[in-house]
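The block underneath contains the structure these notes are about, expressed in structure tokens.
The values are calculated or read from the model by the stated rules, or taken from the named source; none is laboratory data. Worth saying up front: this structure is predicted, and the values here are computed from it rather than measured. Virtual Cβ from ideal backbone geometry, glycine too; neighbours counted across all protein chains shown. Just the protein is used for accessible areas: all its heavy atoms, side chains included, with ligands, DNA and RNA removed. Shrake-Rupley method; radii C 1.70, N 1.55, O 1.52, S 1.80 Å.
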Amino acid sequence: MADLAANLRRHIDVLAELIGERNTSRPSALELARRYLRSELTAMELVVAETPFETHVRSALNLEVVLPGSKPAKSTLVIGAHYDSAAGTPGADDNASAVATLLEIARDLSGRKLKRKTRLVFYDCEEPPHFNLGEMGTHFHAIQMRRNGEKLLGMICLESLGYFGECQKFIKPPWPLRLLDSIIGPRYLIVVSNVASIPFGVRFVTKLFTSGKLPIFPAALPVKWVPDIALSDHRGYWEQGFRALMITNTAHLRNPNYHTANDRLETLNIDRLTKACRQIQTAVRRLL
């Protein structure tokens, strides 16, 4: 666990503290983030594929590692996280914590013989000015999967995994979150899905429950009832008819530093992030 914690801390430190804000207004920082991801993945002896796409303001780039499966008839698992940050923030929680987790999932899977093809995707353009315009990296990837006729078991979106403080009171978070905080404290993660993704959600959450001790709470809801559940990279897969989940600490509902200059490494709980990462790694292996 010590090595995992050190790796997670190092990834977040480089992305959020050394590189800092990385988005459309800071293209050089985006490229530094890509260089770091390529370097880390290459050091794991993994092949990094690059998929360029165009937005209304710039050329963008998804990075992907494809791990082959020994049984081609099995459907593909996609796990992804966006590596850009919102304007004005170094994005330690949103979303360096999730990118760090994805890097360590890649390390855990490298060299293993998997039955199911697995795609690990680092997305560009999740944040404004691209969000909700149909030009997020996840949209391009999901559309390509649909055009290629690839059968997906499901997609797991990693989003804001490192902050474990109490829910923000001034925005009145949903009563279930306030109730959970009052019962067990802010030491859990939420797995959200739309109704169509429930079969995949049950499969993944069952494994996640039994893969570690960090509390996990699933929530499957219609998007029209709770629009907040669609605010990340899984949404692009829903729009293409794929099953997808998001695992998160609830981001803006919990973290007062969300999308601010204060979203820094020092505000994160690396111990709990490490436990979460280990639990997700184990659950993912059991899916494959």
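In the stretch 193-231, how many are assigned to a strand (DSSP E or B) and either at pLDDT 75 or above or surrounded by fewer than 17 Cβ atoms within 10 Å (Cβ to Cβ) (or both)?
Summing the residues that are assigned to a strand (DSSP E or B) and either at pLDDT 75 or above or surrounded by fewer than 17 Cβ atoms within 10 Å (Cβ to Cβ) (or both) in the stretch 193-231 gives 5.
Kindly establish whether ALA142 is open to solvent by less than 10 Å² (accessible area, probe 1.4 Å), of a type in the set (A, V, I, L, M), out of contact with any helix residue (DSSP H, G or I) (no Cβ under 8 Å at 6 or more places or on another chain) and in a helix (DSSP H, G or I).
no
Would a scan of the stretch 6-25 turn up a residue that is touching a strand residue (DSSP E or B) at 6+ places or on another chain (Cβ under 9 Å) and open to solvent by less than 60 Å² (accessible area, probe 1.4 Å)?
yes
Quick check on the stretch 108-133: of everything there that is part of a loop (DSSP other than H, G, I, E, B) and touching a strand residue (DSSP E or B) at 6+ places or on another chain (Cβ under 6 Å), which residue is modelled with the lowest pLDDT?
Out of the qualifying residues, it is GLU126.
Can you pull out the residues in the stretch 232-267 that are open to solvent by 30 Å² or more (accessible area, probe 1.4 Å) and either of a type in the set (A, V, I, L, M) or part of a loop (DSSP other than H, G, I, E, B) (or both)?
Residues satisfying the conditions are GLN240, GLY241, ARG243, PRO256, TYR258, HIS259, THR260, ALA261, ASN262, ARG264.
Out of all the residues in the stretch 25-67, which are assigned to a loop (DSSP other than H, G, I, E, B) and within 21 Å of the chain's Cα centre (by Cα)?
Answer for the stretch 25-67, where residues must be assigned to a loop (DSSP other than H, G, I, E, B) and within 21 Å of the chain's Cα centre (by Cα): MET44, LEU46, VAL47, VAL48.
Please identify the pairs in which a residue from the stretch 80-106 that is in a helix (DSSP H, G or I) has its Cβ atom under 8 Å from the Cβ atom of a residue that is basic (Lys, Arg), counting only partners at least 6 apart or on another chain.
Cβ pairs passing all conditions: ALA92/ARG264.
Among the candidates ARG34, ARG58, which residue alone is of a type in the set (Lys, Arg), modelled with pLDDT under 95 and within 20 Å of HIS130 (Cβ to Cβ)?
ARG58
Select from the stretch 1-46 the residues that are among the basic types (Lys, Arg) and closer than 18 Å to SER160 by Cβ and list them in ascending order.
Answer for the stretch 1-46, where residues must be among the basic types (Lys, Arg) and closer than 18 Å to SER160 by Cβ: ARG9, ARG22.
When you scan the stretch 53-62, do you find a residue that is open to solvent by 40 Å² or more (accessible area, probe 1.4 Å), over 16 Å from PHE140 (Cα atoms) and either in contact with a Pro (Cβ under 6 Å, 6 or more places away or on another chain) or free of Cβ contacts under 8 Å to residues at least 60 places away in the same chain (or both), even just one?
no
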